[in-house]
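Notes follow the structure.
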Amino acid sequence: SFGVMRRILMVLLPFLLLAVSCEQASTEEGFASKYRDTALDKSELPEVVDGHPRLFLRPKPWSHGPSLAELKQWAQSPPLETYLEGKAWDRRPWLEWAFRYMVTGDESLVAPIVEKMKNQKDYWPGYLQTLATIYDWLYNSPNFSAEDKRLIEDKMISWGYAAINKGEHYQDMWSHFGYGPVADLAAAGLAMHGHRSEAGSFLALAGGYLKKNFLPGWQLNEGAWQGGWAYYSQGPAKLITLIHLWSTGTNDNL
C-alpha cells in the first residue's frame, strides 16, 4: 500500500542521501579508489617499533597505551587475575589464547594456536588483522618455530593481496567492508616488518589510504560517519582500530 511504501522510503531516504553525499565528496575532493594512488612514498614510511609485541600494545611502558610489562603487573591482582583464572569465554578463542599466552607465558597454549593459524584457509575482511595480531603476540615463543612463522607470513602475504582486491572492489567508506581490508594491510605490514619485504608495501598502501582518504573523509563529513544499524557503526570502529594499530606499531603521531 501507499502507506507502507511511504514508511519504507522514510527509513531508506537518509541512507540514500548519505551514500550520495559520500559519492559526491569522493568525486569533488578527489578521493582515490585504488590503494596505490594514495600510497606513501618510501621516504614517508614511519619508523616501526622494534621487537614484538607491537600490535595494540608494546613490550615496555610508553605514553599512549598499554604495555606487556604493565599487563603482567596488572595480572597479579583482580580483575585481570580473576579473568585469567577462568576459562576462555570467546567462541573463537585463539586470539584470547594468544593474549593469555602473552600475559602468563604458558607455552602449552602455543601449539594449538599455531595449528589453527596454519589451517585457516580463506580470507575475509578482518581475518588478516587477527592472524597478524596473533603472529605478533606469539612471535617470541620458542614453540613458534621459524618454519611455522614462514608459513604464516606466506599466508599473510597471500591474504594481503586478497585484501587489496576486496577493498578496491568495495570502496564504501560508510561500512566496515571499506575499512577492514586497510586495517588488515596495516596489521600485516606492522607484524612482518623486519621479516618480509612485502611489509613495507603493505604499510605504504594502508598508511596512505588512512591519511589521504579516511581522515580527510572524516573531516569532510564533520565526524558524521555513523549512518545507523550494525554495519555502519562498525565502520567507525574499524577506523579507530586502524588508528590504534598505527599508533602502537609506529612512532608516527597521527
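What follows is calculated from the coordinates using simple rules that are stated; it is not laboratory data. Note that the structure is predicted; figures quoted are calculated from it, not measured. No Cβ is skipped: glycine too gets one built from the backbone with ideal geometry, and neighbour counts run over all protein chains shown.
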Karplus-derived 3J(HN,Hα) from phi for segment 126-138 (6.51 cos²θ - 1.76 cosθ + 1.60, θ = phi - 60°), whole Hz, x at Gly and Pro, runs x, 5, 5, 4, 5, 4, 5, 5, 5, 3, 5, 6, 8
In nanometres, the difference between 0.36 nm per residue of separation and the alpha-carbon distance of residue 195 and residue 145 is 16.6 nm
Relative contact order as a percentage, segment 54-95, C-alpha pairs under 8 Å and 6+ apart, gives 20 percent
The extension gain from residue 75 to residue 36, computed as 0.36 nm times the residue separation minus the Cα-Cα distance, is 9.7 nm
Once the in-chain neighbours fewer than 8 apart are removed, the aspartates and glutamates whose Cα is under 15 Å from residue 87 read 96, 106
Checking rank on 195-204, 39-48, with mean other Cβ inside 10 Å and highest first, the result is 195-204, 39-48
Of the listed links 42/238; 60/116; 116/155; 166/212; 166/238; 121/212, those spanning more than 23 angstrom between alpha carbons are 42/238; 60/116; 121/212
Once normalised by the length of segment 132-188, the mean sequence separation of its alpha carbon contacts under 8 Å that are 6 or more apart gives a contact order in percent of 35 percent
Taking 0.36 nm per residue of separation between residue 253 and residue 222 and subtracting their Cα-Cα distance, the length gained on full extension comes to 9.1 nm
Residue-ordered couplings for segment 54-65, obtained by feeding phi - 60° into the Karplus form 6.51 cos²θ - 1.76 cosθ + 1.60 and rounding to whole Hz (Gly and Pro as x), are 9, 9, 6, 7, 10, x, 10, x, 9, 7, 10, x
For segment 80-87, in residue order, the Karplus 3J(HN,Hα) values (coefficients 6.51, -1.76, 1.60; θ = phi - 60°; whole Hz; Gly and Pro = x) are 5, 4, 5, 4, 5, 7, x, 7
